[in-house]
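Structure record follows, encoded as structure tokens.
What follows draws every value from the coordinates through simple rules; no lab data is involved. Nothing here was measured: the structure is a model prediction, and the numbers come from that model. No Cβ is skipped: glycine too gets one built from the backbone with ideal geometry, and neighbour counts run over all protein chains shown.
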Amino acid sequence: MSVSVTTMYRLLRSVLVLAASAAALRLPSHAQTRHNPNTCELLNTNMPGRVIFPTDPAYSAAQSSYYAGQARNMHPGCIFMPRNTEDVSQFIKTVRVRTGWDAKFAVRGGGHTLWRGAANIDDGITVDMRLINGTTLNADKSIASLGAGGRFGAVYHALKPHNLTVLGGRVPSIGVGGFLTSGGMTFLSRKEGFACDHVISYEIVLASGDVVNVTKTSHPDLWLALKGGIGNYGIVTRFDVATHPDPGMWYDLVQYNHTDAVLEAQARAFSSFMTPGNNFDPDAMMGIFYDYAGGQFFVRDALWHTGAVANPPVYNNFTSIPNMGSNGQVLPVADVVDQFGANIPPSTPRAFQLDWSFINPPAEIYMEIFQLFKNGVPALADVPGFFVEFLTQPQSVIQPGTESLFGLENNRTDYAMMLMTAAYANPADDQRVRDGITEIVRSMRGLLRRNRYLIDFVYANYADQTQGVYQSWGADNRAKLQAASIKYDPDRIFQTRASGGLKVF
Ligand SMILES: Cc1cc2nc3c(=O)[nH]c(=O)nc-3n(C[C@H](O)[C@H](O)[C@H](O)COP(=O)(O)OP(=O)(O)OC[C@H]3O[C@@H](n4cnc5c(N)ncnc54)[C@H](O)[C@@H]3O)c2cc1C
Ligand SMILES: *[C@@H]1O[C@H](CO)[C@@H](O)[C@H](O)[C@H]1NC(C)=O
Ligand SMILES: *[C@@H]1O[C@H](CO)[C@@H](O)[C@H](O)[C@H]1NC(C)=O
Ligand SMILES: *[C@@H]1O[C@H](CO)[C@@H](O)[C@H](O)[C@H]1NC(C)=O
Ligand SMILES: *[C@@H]1O[C@H](CO)[C@@H](O)[C@H](O)[C@H]1NC(C)=O
Ligand SMILES: *[C@@H]1O[C@H](CO)[C@@H](O)[C@H](O)[C@H]1NC(C)=O
Ligand SMILES: *[C@@H]1O[C@H](CO)[C@@H](O)[C@H](O)[C@H]1NC(C)=O
């Protein structure tokens, strides 16, 4: 019974999809558009060379460059590629007064959000920011201006000759736009907090089409809301961020056998590492990767030290666990990111991810969580292409005096975060993987909650859209996010026309 209902649903859905694409094909037809051009055509007339239509080879190239299949499989009516801030402003001024099928839009940076519709759209227009990608330094090199469509691999390489770095992604392909508007956990985050706390100025195109430079003093409410506010307030075209010295970063990836003894030792080492006062080293950022692939488990620690210290003693409790050896090196950040990135799949056919944050519990609780993973995840082993990355990492330490809407305490060193990412081959398994992973995570969160370690905060960058990110920051903070939306986007353009990402309402 349920099988035939599912089959009927699928049939019905494909009929609807066919009907929808037939409609989409009819709409832009030349005869109709001569006197009533659609928005894509209007943009193409006013700004020649910026609009990519589905028949252009550049369209499929842009589509295939998203990280996850959920984003790749969407079909915008056209892609708008601005070359500068003025193009973005003209785009907004054009689209905001339109009403047709393509008056909705999505904004795309590096294209790394895993869920459908965050940075791409069906019908509508995808604003692909990737041509706005420069990295420039001011005269005294204290500030780097980053084009919002850049990727951190290129940013780090541009700063490498100056022995400088910025707080950015740990994989080369991460986009500047999404990372910096969502938060940003990085190598320097135990010392400096979230990357968004280092943005000095945002150049943004508001819903009116006006371009403004947003600083803490010029627009305090918008400046604060942009720390995590993603696409709710406009399209950011440039970020001016603080630079930091890069004396070289030590990086090691240490692999262990998957045994209970190893898991217990990892649990003890991590709980101890996260205990306030216990050898806290602000240059030390790390993560335990407990992965499952091809029916097998893998335990690896990624260890970083931004102070150019090789084999820093702060990691002794990890590296003294029997392991397969290590080959840590001190390299410029740009090169570490290239190396680390080479260990992460360059894209995924389908993906589902959840994250959650908590206060460091005792080792026994970490061990129980590891057991929940070990016992839970094999139930999904027969899902084609199934792979899970389960990452336990310290959360950013927010510097004293920092203003933020995350609802976290500043200067706390004992916030930790977990994220579980499943990748798999086929859309047919979307629901099964979502349900299976959600159930495992529910039991882990329940354990942390019962023992009073779970916190409300959900970190935006790794969250699924169903996790209630903005609700999790607390009612007062969400009210501030909403007030900034009402003030700077009174016509609700970014709530209703660009409705795909996380929304503050
Ligand atoms: C392999 C991998 C590694 C990762 N590593 C890290 C990590 O080390 N630390 C960490 O914190 N996170 C990490 N992430 C998460 C990552 O930070 C988020 O996915 C982030 O949103 C990616 O930004 P993007 O520009 O690539 O993505 P996109 O999907 O293009 O954009 C993300 C969101 O931001 C919006 N947006 C993009 N540009 C703009 C703009 N200019 N103006 C307004 N809105 C905009 C989009 O509309 C979208 O809703 C990782 C993700 C992956 C897949
Ligand atoms: C960066 O932008 C320039 C033009 O501004 C473009 O030629 C180049 O291809 C872009 N780089 C990427 C990686 O998209
Ligand atoms: C960067 O550091 C290296 C190694 O310490 C040094 O040789 C080089 O001169 C530095 N470059 C700059 C621009 O400071
Ligand atoms: C924003 O700041 C930049 C760099 O200082 C400047 O060139 C630009 O004119 C400013 N834009 C506006 C709208 O003030
Ligand atoms: C290692 O763990 C022990 C006990 O768990 C702790 O006392 C010690 O400080 C830790 N060492 C380091 C370098 O963190
Ligand atoms: C890992 O397991 C293999 C196979 O059992 C064993 O030969 C090897 O010595 C173990 N390595 C470590 C570091 O425990
Ligand atoms: C921040 O925490 C550190 C370490 O616990 C402490 O020494 C320092 O005084 C704290 N700073 C503030 C401003 O609370």
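Taking the inverse of the mean reciprocal distance over all distinct Cα pairs, the Kirkwood hydrodynamic radius of region 249-472 comes to 18.3 Å. Dipole magnitude for region 40-128: about 200 debye, using +1 per Lys or Arg Cβ and -1 per Asp or Glu Cβ, origin at the Cα centre. Among complete DSSP H helices in the chain, those whose alpha-carbon atoms stretch at least 27 Å along the helix's long axis and whose mean Kyte-Doolittle hydropathy reaches -1.0 are 2-26, 430-450. Here the Kirkwood formula, the inverse mean of 1/r across different C-alpha pairs, assigns the chain a hydrodynamic radius of 23.8 Å. Neighbour counts of C-beta atoms inside 10 Å place Ser182, Ser145, Ser404 in the sequence Ser145, Ser404, Ser182, starting with the fewest.
In terms of other Cβ atoms within 10 Å, Glu368, Glu403, Glu389 run from fewest to most in the order Glu403, Glu368, Glu389.
Using only alpha carbon pairs under 8 Å that are at least six residues apart, calculate the relative contact order of region 29-152 and give it in whole percent. Relative CO of region 29-152 lands at 24 percent.
Here's how it looks for Lys104: its modeled amide H is under 5 Å from those of Gly124, Ile125, which are all 5 or more places away or on a different chain. Over region 40-128, all Cα pairs binned in 10 Å intervals from 0 give whole-percent P(r) values of 18, 54, 26, 1, listed from short to long. Seen from Ile174, the other residues with C-beta closer than 14 Å to its C-beta sum to a net charge of +3, counting Lys and Arg as +1 and Asp and Glu as -1. The charge dipole of region 342-438, taken about its Cα centre with unit charges on the Cβ of Lys, Arg, Asp and Glu (plus for the first two, minus for the last two), comes to roughly 180 debye. Contact order, relative form, for the chain: 15 percent (alpha carbon pairs under 8 Å, 6 or more residues apart, mean separation divided by residue count). When the chain is described by a simple charge dipole with +1 on each Lys and Arg Cβ and -1 on each Asp and Glu Cβ, the residue from Asn213, Val433, Pro37 located farthest towards its positive end is Pro37. Think of the chain as a dipole: +1 on every Lys or Arg Cβ, -1 on every Asp or Glu Cβ, centred on the Cα centre; then among Pro361, Ala293, Gly385, Gly385 lies furthest on the positive end.
Judged by a Cβ-Cβ distance under 4.7 Å, the unpaired cysteines of the chain are Cys196. For region 387-435, the Kirkwood estimate of hydrodynamic radius, built from reciprocal distances between every pair of different alpha carbons, is 13.6 Å. Using Cβ point charges alone (K and R +1, D and E -1), the dipole size of the chain about the Cα centre works out to roughly 1240 debye.
Simple rule: put +1 on each Lys or Arg Cβ and -1 on each Asp or Glu Cβ in region 249-472, find the dipole, and look at Tyr251, Ala460, Val309; the Cα lying farthest toward the positive end is Ala460.
If you average over every viewing direction, what projected area does the convex hull of the Cα atoms of region 345-493 give, in nm²? Reported value for the Cα convex hull: 11.1 nm². Using only the C-alpha atoms, the convex hull of region 413-464 corresponds to 89 Å³ per residue. Its Cα gyration tensor gives region 126-252 an equivalent ellipsoid; the semi-axes, largest first and in whole Å, are 23, 15, 14. Per-residue ellipticity at 222 nm, computed for the chain from helices alone with -39500 (n - 2.57) per DSSP H run of at least four residues, works out to -9500 deg cm²/dmol. The residues Ile235, Ile455, when put in order of fewest to most other Cβ atoms within 10 Å, stand as Ile455, Ile235. Whole-Hz Karplus values for region 293-299 come out as 8, x, x, 10, 9, 9, 10 Hz, taken residue by residue from phi with 6.51 cos²θ - 1.76 cosθ + 1.60 and θ = phi - 60°; glycine and proline positions read x. Using the alpha carbons alone, the radius of gyration of region 248-357 stands to its Kirkwood radius in an Rg to Rh ratio of 0.97.
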